[in-house]
1. Within region 41-78, can you find the residues that are free of Cβ contacts under 8 Å to residues at least 40 places away in the same chain and more than 17 Å from the chain's Cα centre (by Cα)?
2. Within region 188-208, how many residues are over 19 Å from A42 (Cβ atoms), in contact with a helix residue (DSSP H, G or I) (Cβ under 7 Å, 6 or more places away or on another chain) and in contact (Cβ under 8 Å) with a residue 60 or more places away in the chain?
3. Suppose we keep only residues that are under 20 Å from D129 (Cβ atoms) and modelled with pLDDT of 90 or more within region 169-195. Which one would you say is surrounded by the fewest Cβ atoms within 10 Å (Cβ to Cβ)?
4. Could you pull out every one of the strands (runs of 3 or more DSSP E) wholly within region 169-208 that has 1 or more residues that are more than 20 Å from G156 (Cα to Cα)?
5. Looking at (1) within 15 Å of the chain's Cα centre (by Cα); (2) free of Cβ contacts under 8 Å to residues at least 24 places away in the same chain, can you tell me which one V112 breaks?
6. Take the residues in region 151-168 that are within 23 Å of T86 (Cβ to Cβ), charged (D, E, K, R) and touching a Lys or Arg at 6+ places or on another chain (Cβ under 9 Å); name whichever of them is surrounded by the most Cβ atoms within 10 Å (Cβ to Cβ).
Amino acid sequence: MSGAAQPYPTMMSEDPEEAKIELRRAIRAARTERSPRLRVEASALIADVVGTIPAVADAACVASYAARPTEPGTAVLHERLAARGTRVLLPALGAGLSRDWAEFAGTDDLQVRAPGRPPEPSTPTLPGDTVREADVVIAPALAVDASGVRLGQGGGWYDRALEDVRDGVLIVAVVFPTEIYDAEHPLPREPHDRPVHAVATPDGWWML
């Protein structure tokens, strides 16, 4: 899965926390190089791909994320899910380390409430354990490796939120194709990191 175009420091630190910082820096820099046109195209393709995952097709409730500009887009996916009657939960980042959620009510409803934070719905805030109602979780990631290790943004929000997910619920990370790493380029892992079960890109999806 890995390739020469992948963001991967040639001399990565042996300390997992420091290695994550280096990888995040490299991957974020690579993401900023994608043009707005490519990002729009990727959002539509991600909706096509994720919609073919059987667990998503059958889900009554999906927990997902509102993508920031450089992340793999989720707007088209959410609109399609909502149009068919699927309940979509998105993070509501309250004070401190709260793991609240809110129901998606349309892309136009989403608002950036603080600099650097993803857009959030204006619908009522729901408690963190509401994610237990999700039949599938679509998780943001900067990278994923073949063993299911997910590299997040660094705040630990999703690792904490995933603790409330029901056993057996499929967790799918969404990344760009060059952000899937193989056994030769594993991602650094710490004890608190929660693995994912599958990965989706604009090119397709795979169980891990």
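The values are calculated or read from the model by the stated rules, or taken from the named source; none is laboratory data. Quantities reported herein were computed from a predicted structural model and do not represent experimental measurements. Glycine gets a Cβ as well: all are built from the backbone with ideal geometry, and neighbour counts include every protein chain shown.
1. P54, A57
2. 3
3. The selected residue is V169.
4. Fully inside region 169-208 and qualifying: 198-201, 204-207.
5. (1)
6. Among those residues, the one meeting the criterion is D164.
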